[in-house]
Each structure stands twice: as C-alpha cells, then as structure tokens.
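Data block below; observations after.
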Amino acid sequence: MMQARGRIRLYRTEGIVLRHLEYGEADRIVTMCTPDLGKVRVLAKGVRKPTSRKAGHLEPFTRVEVLLAKGHTWDIVTQAEAVQVFIRLREDLRLLAYAAHMAEMVDRFGSEGEADAPLYQLLSLSLSRLDAGDRPDLLTRFFDLHLLSLEGYQPELFRCVVCGKELTPADSFFSVERGGVLCPECGQGRDDVVPLPLGTFKLLRFLQRREYNEVKALDVRSSSLEAVGRLLDRYIAYHLESGLRSAKFLRQLQAQTDRSR
Ligand SMILES: [Zn+2]
C-alpha cells in the first residue's frame, strides 16, 4: 500500500526481524521476512542510540509492523511497533538457538522482494510454537522439511531417485547430491550415499507429509530426531554451498546438554 506524503513515498508492512547488522555510527540494517515483499533489508536510523524508541521493536525474532519510506539503497524505517514479542526465546539460550536456526533458514532460502506468504506463515507459526513450549527439536525438523518444500528443495522420499520406482518402507539409502532416497537395490555399493535406516526414513516421511498437529502428538526419541537432523543439515549445507552458522551452534549446545545429563 503506497501513500504519498509530500515527495516521500511511504508504505506499511508487517514482518519478522531475522537479523541486524551494525551500520555507521548509530544505525542498523535490519533484515526482515514479510508476507508481501519476501525478504527485505531496511535501514533503521539511530537505533543504537540509548534514546531510540524504535530499537526495542526491531530486535531479532520480533513480529513488527513498520512504516517504511522509499530510499535509494535501502528503504528507511520511519515507525516500528512490535506486534508479537517472543519473550521465552530471548531468555532461554537453547530456544534462542532454535529460533536463530529458523531465522537463518528463512534468510538463506528466502527470496528478496518476492511475495512469500506461506514462508512467512511457517516462520511466524513456528516461532509462536517454540515460544509456547512445544518440543523444539521436533518442531524445528518439521519446519526444515516444510521450508525446503515451499522453496523448491523438497527431498524426494517416495520414489527412488535413480530407478524411479515407488519406495517401500525398508532400510534404504540417501544421497544429498541426488536429492533423496535410493531403493536398497540402487543404493547398494555406491559411494555417494549414506545408509537410511527404516526408522529415520519413516520419520522423514512423516515430518514432510503430515500436518503439524499430527507431528506434535508424535512420541519420538531425541536420538531419532538427531539422525534426521544430521541428514537434513548435510542436505541443507549442500544446497546452500556453505553450511548454516546456526547448525554448528545447535550441535555444540546439544553436546553440552548431553554431557550435563
Ligand atoms: Zn532404485
């Protein structure tokens, strides 16, 4: 929605702050995910000054309504009003790591300037669920698989990526390079595959195909989700050419939690 105020063109949008970058003396470049404009990078002037009224509304993982003014390089934030603040994500380091993973996934896979309401919806719902205390590892892997599907990187889990035959539930193989599962016959003896045990295979399919309500009710061991996580991390890293920064942090955090148990 555009409106003209003098010669400045203003427009309003809702967004979720993915990250920000210090810029100049007191400014920040804020990367946001929006439903109508996809990913946008905007300039928030003076937000690092202690007196800034906008600063608190533009912290990462905040759902915010902004009024933007068209600028040359970046559009400029003229007003910012938080609509939803995920308090627990700021207070709990473990939840923060999962939120950071989600934000980075959206930042890396999302397109700039193209409407992507489903992606926005997925992020918004997932952060709300994380904040509400839903099981984070299960929620995050559901998020990963659904984001990959939305953005055109869906791993093939139903037909063998080599022979094309419909896959039956059995110990199989997975190839990151080929983008999915190989049947036991095709996967045998290849060096570009990893074994995909039946349990992991079924869990991947379930997470990819089912609604969140069904996934949420699933009673699944952490170790099974870790196996899915390792596979997805490799798959994601392959498609992004370099891995996610947050994946390493999540693994470190996981290792620490395991030691302290
Ligand atoms: Zn095959």
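The values are calculated or read from the model by the stated rules, or taken from the named source; none is laboratory data. Bear in mind the structure is a predicted one, so any value in this text is a computation, not a measurement. Ideal geometry is used to build each Cβ from the backbone, glycine not excepted, and the neighbour counts take in all protein chains shown.
Within the range 191-210, can you find the residues that are modelled with pLDDT under 95 and either within 16 Å of the ligand (Cβ to nearest atom) or not assigned by TED's automatic domain parsing to the domain that holds L145 (or both)? Before the answer, list the steps.
The initial filter retains those residues of the range 191-210 that are modelled with pLDDT under 95, namely 191-192.
Scanning the range 191-210 gives a single hit, D192.
Evaluate the range 137-144: report whether one residue or more is within 16 Å of the ligand (Cβ to nearest atom) and assigned by TED's automatic domain parsing to the domain that holds P118.
Going residue by residue through the range 137-144, those that are within 16 Å of the ligand (Cβ to nearest atom) are none.
Checking the range 137-144: not a single residue is within 16 Å of the ligand (Cβ to nearest atom) and assigned by TED's automatic domain parsing to the domain that holds P118.
Just for strands (runs of 3 or more DSSP E) wholly inside the range 16-116: which have at least 3 residues that are outside the structural domain of T140 (by TED's automatic domain parsing) and crowded, with 22+ Cβ neighbours inside 10 Å?
Working: elements: 27-34, 38-44, 63-69, 75-84.
Ranges flagged: 27-34, 38-44, 63-69.
Which of the residues that make up the range 171-199 are touching a Leu at 6+ places or on another chain (Cβ under 6 Å) and surrounded by fewer than 18 Cβ atoms within 10 Å (Cβ to Cβ)?
D171 - this is the single residue of the range 171-199 that is touching a Leu at 6+ places or on another chain (Cβ under 6 Å) and surrounded by fewer than 18 Cβ atoms within 10 Å (Cβ to Cβ).
Among the residues of the range 154-168, which ones are within 12 Å of C186 (Cα to Cα) and either more than 11 Å from the ligand (Cβ to nearest atom) or assigned to a loop (DSSP other than H, G, I, E, B) (or both)? Lay out the reasoning, then the answer.
First pass over the range 154-168, keeping only residues within 12 Å of C186 (Cα to Cα): 159-165, 167.
Matches in the range 154-168: C160, V161, V162, C163, G164, K165, L167.
Test T13 against the criterion of being polar (S, T, N, Q) and crowded, with 18+ Cβ neighbours inside 10 Å, and give yes or no. Give the derivation first.
On the way: polar (S, T, N, Q): yes; crowded, with 18+ Cβ neighbours inside 10 Å: yes.
Judged against the criteria, T13 is a match.
Hey, among the residues in the range 171-190 that are touching a strand residue (DSSP E or B) at 6+ places or on another chain (Cβ under 9 Å) and among the small types (G, A, S), which one's nearest to the ligand (Cβ to nearest atom)?
Kept after step one, since they are touching a strand residue (DSSP E or B) at 6+ places or on another chain (Cβ under 9 Å), are these residues of the range 171-190: 171-176, 178-184, 186-188, 190.
Add one more test, that the residue is among the small types (G, A, S), and what stays is 172, 175, 179-180, 187.
On the way: S172: 9, S175: 11, G179: 14, G180: 11, G187: 7 Å.
Once the filter is applied, the top-ranked residue is G187.
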